[in-house]
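Undergrad: Below you'll find the structure I mean.
Readers should treat all values here as calculations from the given coordinates under stated rules, not as data from a laboratory. Being a predicted model, the structure only gives us computed values, none of them experimental. Note: ideal-geometry Cβ built from the backbone for every residue, glycine included; neighbour counts use all protein chains shown.
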Amino acid sequence: MTHVTSTAQISRRSMLKAAGAAGVAVSAVTAAPATAAGAGFAHPGLLHTAADLARMAAKVKAGAAPYTAGFARLTANRHAQSGWTPHPQTTVYRGSGTPQNYATLYNDIHAAYQNGLRHHVSGDDAHADTAVAILNAWSSKLASVEGSADRFLAAGLYGYQFANAAELVRDHPDFDLARFQDMLSKVFAPLSDDFLVRHNGAVVTNYWTNWDLCAMACVLATGIFCDDKAQVTRAIDYFKHGEGLGAITKAIPVVYDDGLAEWLEAGRDQGHALLGVGLMGTFCEMAWNQGYDLYGYDDSRFLKGAQYVAKWSLGGDVSYTANTRAKGAVGGWSGRETASAAAGVDPAMTRPIWAMIANHYTKRRGLPASYVTRIAAKSSPEGGGGDYGPNSGGYDQLGFGTLAFTRDRVPDTGASPAPTAPSPSGARPQTGGTASPAGGQDLAASGSGDVVGWAAAAGVTAVAGGLLLLRRRGRA
């Protein structure tokens, strides 16, 4: 696969030198970088652009808060140490299979990401070399992701994270870019693409929002990393128009008169709702960095949903419109599950998801986001994988948002900071990847139960068959 270099791509060493010479704040970026006409995507351009990385380095060098606190959390994490030894596997199993070794994968991914990020901030090449060694080891060995329905979670979560870790070192002379692109294109993206089309042989609403969202994040991130425009188009189109519960109007089905919008999985439990907000924010940030404003899509619907989850997680009262979703296999067993109220919350529960969202809306766009701002402050400084417990839920986000996403407010020049790249064509996702199991087999509606801090859902029980039904209060 040919690597297309864009004008946004800056070598890691020259970028660090420029940041160090500045010694002060790097100017805020007022618009998402648009892709060059006739070229591939902007690189680096997933969760972090070249300007983002330069800003982090300059702010930490200048001793600016809260960047220094965020960087301290990074350097204290055991995954961020140079010399981390990878343990690549030929097959990764999650949910079933022998052995269930997916923890090995997510620990190595977070070590690669954290070392790559630490290199860009500190300038220490030992961390870049460590990240490259981890990524090359996996791309030389990994052949498949297997297991129960949870294999789709593994492909989605670890696919988007792998792409982000590799994006930080894609210009390193020792990084095998083509081989890594090949691994993403053959091992991770096909599973996620297939899930968005066939949902593992289940009715489309069988799987909660997060199943779609992690698959969407994988398809988008691997598409950008591999310069696959058709893949990126499919992911963005699904966000807007997809049939599953990860599409934005289904994940956030009701907009209320108070400016908040119901997050569907608030009727399930707090942990999964936080995961979903983090995944949708990740999706929007990666799209923004390629010129697509999904943060602002449908009158900033995501902001309204994030505000809702933030208020609720802080212990505030929120409205919830009862909904019933269909469950089961296509042509097989069927049922219904009803969520009638927002679940209970633990105000102490947190995930490293809020700094990115708060800074986009309040600093880039100058919009009020009171609840998101409050919960971001409460969660600061954000850590990353390994800081939120030893099990998989503590590794669902890459984290370190206080360091990575804190930014200066964009000056009010009267110009819109929205990106200017053209909208995708609207093509629907195409089938690809592993075939679905026979009807009724290997379906899961709840995912792995080992996520740290995920509370049991309240009030979701009834069984029957049919379509997703919503009774809407307020305005939709």
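Undergrad: Aspartates and glutamates near Lys186 by alpha-carbon distance under 17 Å, same-chain residues fewer than 8 away left out - which ones?
TA: Glu146, Asp176, Asp194, Asp227, Asp228
Undergrad: Next question. Which pairs break 21 Å Cα to Cα here: Lys250/Lys327; Lys59/Lys311; Lys240/Lys378? Don't skip to the end; give the middle numbers.
TA: Details: Lys250/Lys327 15 Å; Lys59/Lys311 30 Å; Lys240/Lys378 31 Å.
Cα-Cα > 21 Å for Lys59/Lys311; Lys240/Lys378; rest within.
Undergrad: Moving on to the next point. Report the extension gain between Ala69 and His241 in nm, rounded to one decimal, defined as 0.36 nm multiplied by the number of residues separating them, less their alpha carbon distance. Let's see the in-between values first.
TA: On the way: separation 172, 0.36 × 172 = 61.92 nm, distance 3.98 nm.
Fully extending the segment from Ala69 to His241 adds 57.9 nm.
Undergrad: Stretched out fully, how many nm does the piece from Ala178 to Ser144 gain, at 0.36 nm a residue minus the Cα gap?
TA: Difference between extended and current length: 10.5 nm.
Undergrad: How far apart, in nm, are the 7 Å Cα→Cβ label points at Thr85 and Ser340?
TA: Each label point lies 7 Å from its Cα, and together they span 5.6 nm.
Undergrad: What number do you get for region 85-188 when its Cα radius of gyration is normalised by 2.2 N^0.38 Å, N = residues?
TA: Details: Rg = 13.2 Å, N = 104, 2.2 N^0.38 = 12.8 Å.
Cα-based Rg divided by the globular estimate yields 1.03.
Undergrad: Full extension from Ser96 to Asp257: what is 0.36 nm times the residue separation minus their Cα-Cα distance, to one decimal in nm? Don't skip to the answer; put the middle values down first.
TA: Details: separation 161, 0.36 × 161 = 57.96 nm, distance 4.51 nm.
That pair, Ser96 and Asp257, stretches by 53.4 nm at full extension.
Undergrad: Mind giving me the nanometre distance, one decimal, between the label points for Ala103 and Ala377, set 7 Å out from Cα along Cα→Cβ?
TA: 3.8 nm
Undergrad: On to the next question. Applying the Karplus parametrisation 6.51 cos²θ - 1.76 cosθ + 1.60 with θ = phi - 60° to the phi angles of region 183-194, what ³J(HN,Hα) value in whole Hz is obtained for each residue in order, glycine and proline being reported as x?
TA: 5, 4, 6, 9, 9, 9, 4, x, 5, 5, 4, 5
Undergrad: Quick one, what does Rg over Rh come out to for region 210-364 if you take C-alpha atoms and the Kirkwood Rh? Before the final figure, lay out each step's value.
TA: Numbers: Rg = 15.7 Å, Rh = 16.1 Å.
Taking Rg over the Kirkwood Rh, I get 0.97.
Undergrad: Given contacts defined as C-alpha pairs under 8 Å and at least six residues apart, what's the relative contact order of region 216-322, whole-number percent? Numbers along the way, then the final one.
TA: Details: 117 pairs, mean separation 25.3, N = 107.
In percent, rounded to a whole number, it is 24.
Undergrad: Please turn the phi angles of region 125-132 into ³J(HN,Hα) values with the Karplus equation 6.51 cos²θ - 1.76 cosθ + 1.60 (θ = phi - 60°), one per residue in order, whole Hz, x for glycine and proline.
TA: 5, 4, 6, 5, 4, 5, 4, 5
Undergrad: So for region 305-393, averaging the separation of alpha carbon pairs under 8 Å that are six or more residues apart and normalising by length, what relative contact order in percent results? Provide the component values of the computation, followed by the final result.
TA: Working: 82 pairs, mean separation 24.9, N = 89.
Once normalised by length, the contact order is 28 percent.
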